[in-house]
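Remarks on the structure that follows.
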Amino acid sequence: MNDDHKHTEHEEGHEHHEEHDEHEESGNGHEKEAQDAQEKNVDYKESFVRAQADYQNLLKETEKKRKEWVEFANLGLLTDLIPVIEHFYQGLKYVPEEQKKENWFVGFAQIKKQLDEFADTNGLKRMEVIDKLFDPQMHEAVGQRQEEGKKPGMILEEIMGGYTLHGKVIQPAKVIINE
């Protein structure tokens, strides 16, 4: 019976050792699961941060496009208004000095001023071109002539005004440049 008892103790010890191994494996398994969960957590956090950055970039881009759309929403109206403003400008430029104090001139000058203010409020600007160097992005050369003391390519005369809308050229100035 002693042998049976020893055998049983040996089996119990072996079973106890197997339980301990299983417990260690189980502990290592829990550590591995915890490590995997922690790595997934880091991945999720990184994905979340990237998604937030993408969302912020989308908001910025959407706002930029909205502002651009608003700025250029009146493009058709303002483009149609350019010839009216330009005719006022050209017409008033040639009025003799002695007539500039007469009521009709003062009235037309006031209308032109209001048109200019309306255009300016909406981002439409008339370019200043005289004594500037010719830039094909902003100007259209319709003629050339030689003037002493001026650089080649210098704008000598404006034939028709050029206009920008919020800094972008919508009508190039027609100019005469120095040869």
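The values are calculated or read from the model by the stated rules, or taken from the named source; none is laboratory data. Everything numeric in this text was worked out from a predicted model, so none of it was measured. All Cβ positions, glycine included, derive from the backbone under ideal geometry; neighbour counts span all protein chains shown.
Checked against the criterion of being part of a helix (DSSP H, G or I) and either touching a Pro at 6+ places or on another chain (Cβ under 6 Å) or among the β-branched types (Val, Ile, Thr) (or both), the range 87-105 contains not a single residue that satisfies it. Mind listing whichever residues of the range 163-177 are in contact with a strand residue (DSSP E or B) (Cβ under 9 Å, 6 or more places away or on another chain) and either within 10 Å of residue 127 (Cα to Cα) or surrounded by fewer than 19 Cβ atoms within 10 Å (Cβ to Cβ) (or both)? Within the range 163-177, 163, 164, 166, 167, 169, 170, 171, 172, 173, 174, 176 qualify.
The one condition from (1) under 25 Å from residue 78 (Cα atoms); (2) of a type in the set (A, V, I, L, M, F, W, C); (3) in contact with a Leu (Cβ under 9 Å, 6 or more places away or on another chain) that residue 142 does not meet is (3).
Identification of strands (runs of 3 or more DSSP E) wholly contained in the range 108-179 with 2 or more residues that are in the same structural domain as residue 93 (by TED's automatic domain parsing) and within 17 Å of residue 93 (Cβ to Cβ) yields 155-160, 173-178.
Please find, among 68, 31, 98, 102, the residue that is assigned by TED's automatic domain parsing to the domain that holds residue 173, surrounded by 10 or more Cβ atoms within 10 Å (Cβ to Cβ) and charged (D, E, K, R).
Details: 68 fails: assigned by TED's automatic domain parsing to the domain that holds residue 173; 31 fails: assigned by TED's automatic domain parsing to the domain that holds residue 173; 98 fails: surrounded by 10 or more Cβ atoms within 10 Å (Cβ to Cβ).
None of the other options fit; the residue is 102.
Would you point out the residue of the range 106-137, among those that are among the basic types (Lys, Arg) and surrounded by 14 or more Cβ atoms within 10 Å (Cβ to Cβ), that is nearest to residue 160 (Cα to Cα)? Going through the qualifying residues, I end up with 126.
Selection of the range 147-162 for residues being loosely packed, with under 12 Cβ neighbours inside 10 Å and either out of contact with any strand residue (DSSP E or B) (no Cβ under 7 Å at 6 or more places or on another chain) or among the basic types (Lys, Arg) (or both) yields 148, 149, 151.
Taking first residues from the range 71-84 that are closer than 19 Å to residue 174 by Cα and partners that are surrounded by 11 or more Cβ atoms within 10 Å (Cβ to Cβ) and β-branched (Val, Ile, Thr), the Cβ contacts under 7 Å between residues at least 6 apart in sequence or on separate chains come to 79/170.
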